[in-house]
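Notes for the one structure printed next.
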Number of protein chains: 2
Amino acid sequence: MGPALSPTATPEFQVTPRACPPAPPVDPTADPDEELARLAAAMGHPARIRILRFLLERRECFAGAIVDHLPLAQSTVSQHLKVLREAGLIRGEVDGLHICYCADEERIRRVGELLDAMVLLAAGNAR
Amino acid sequence: MGPALSPTATPEFQVTPRACPPAPPVDPTADPDEELARLAAAMGHPARIRILRFLLERRECFAGAIVDHLPLAQSTVSQHLKVLREAGLIRGEVDGLHICYCADEERIRRVGELLDAMVLLAAGNAR
DNA sequence: TTCCCATATCGTTCATTTGCGATCAACGAC
DNA sequence: GTCGTTGATCGCAAATGAACGATATGGGAA
């Protein structure tokens, strides 16, 4: 459970001070079953899906807007953001006073790819 | 948490005594966020992904083969099967002495559809 | 400096999940 | 009938997750 998010210390995501897209680290889980399960688990809560959708609609936004958008306490939302962040599904970046989050579309699409790979590979024999 | 699976009582899935494909009930969750979260949660465990992959590879097989294929106790596998069953991702059917399970490819593909809908709908504005 | 604002994190509580062994119910064989 | 086999369910313990309020941190404003 590393040191985690802190604007000036060793943030998990603030790899570059640019806009939101600082290339995801491409988690080296190696096992596609593990990777898919991890991603699915991160998406396995309605609040987190709502956060993802919200972030996909607005291309980006700061955390406060997400909190306002959900019927949950700020600390709870923050934890959901952490789960999504650790799965690489969203990225955040310190933008002055607040933190700008955005969805990592590539990572989200990766879920679909892993799914397709599983289904198609298997259905190859009988479909 | 209803009465659940029992070959002669009120099984959850044995809707027809036919082969594996007895049309899924299409859960009426209505809210796509809830539905996606439910499906994702059901897939959010490596053992369950492995079960899905296993069932997709062999088009069908009875539960014992799944147990043999995983490093888990029979009761544990049975529970994972229950989770997958309740999410509609697999279906089982009593076949003489054992139960024949098979993956519901349509339902699995539904996950990808829900994902795509979320991403594409949102990316519509800026991609 | 002091104060406020925006977020993360801590600590706690409660619910859920995971895993297991043991048991139960149904079936086929005998 | 009794067995053996198959697979679900129960009961439990441990681990994890969800939600919250309270607190900490760090930057901007006054």
query = Considering only residues of the stretch B:89-127 that are of a type in the set (A, V, I, L, M) and in a loop (DSSP other than H, G, I, E, B), which is nearest to B:Ala41 (Cα to Cα)?
reply = B:Leu89
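So which of B:Arg48, B:Arg85 ends up being touching a Phe, Trp or Tyr at 6+ places or on another chain (Cβ under 7 Å) and within 16 Å of DNA strand C (Cβ to nearest atom)?
On inspection, the qualifying residue turns out to be B:Arg85.
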note = For the stretch A:36-88 the number of residues that are away from DNA strand D (no atom under 13 Å from the Cβ), closer than 22 Å to B:Asp31 by Cα and not in a helix (DSSP H, G or I) is 1
query = Which of (1) on the phi < 0 side of the Ramachandran plot; (2) touching a Pro at 6+ places or on another chain (Cβ under 7 Å); (3) not acidic (Asp, Glu) is the odd one out, the single condition A:Ala42 does not satisfy?
reply = (2)
ask   = Looking at the stretch B:86-116, which of its residues are of a type in the set (A, V, I, L, M, F, W, C) and modelled with pLDDT of 95 or more?
value = B:Ala87, B:Leu89, B:Ile90, B:Ala103, B:Ile108, B:Val111, B:Leu114, B:Leu115
message = Out of everything in the stretch B:53-111 that is among the hydroxyl-bearing types (Ser, Thr, Tyr) and surrounded by fewer than 19 Cβ atoms within 10 Å (Cβ to Cβ), what residue ends up being farthest from the other protein chains (Cβ to nearest Cβ)?
response = B:Ser75
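The values are calculated or read from the model by the stated rules, or taken from the named source; none is laboratory data. Because the structure is a prediction, the values reported are computed rather than measured. For neighbour counting, all protein chains shown are included, and Cβ atoms are generated from backbone atoms with ideal geometry for every residue, glycine included.
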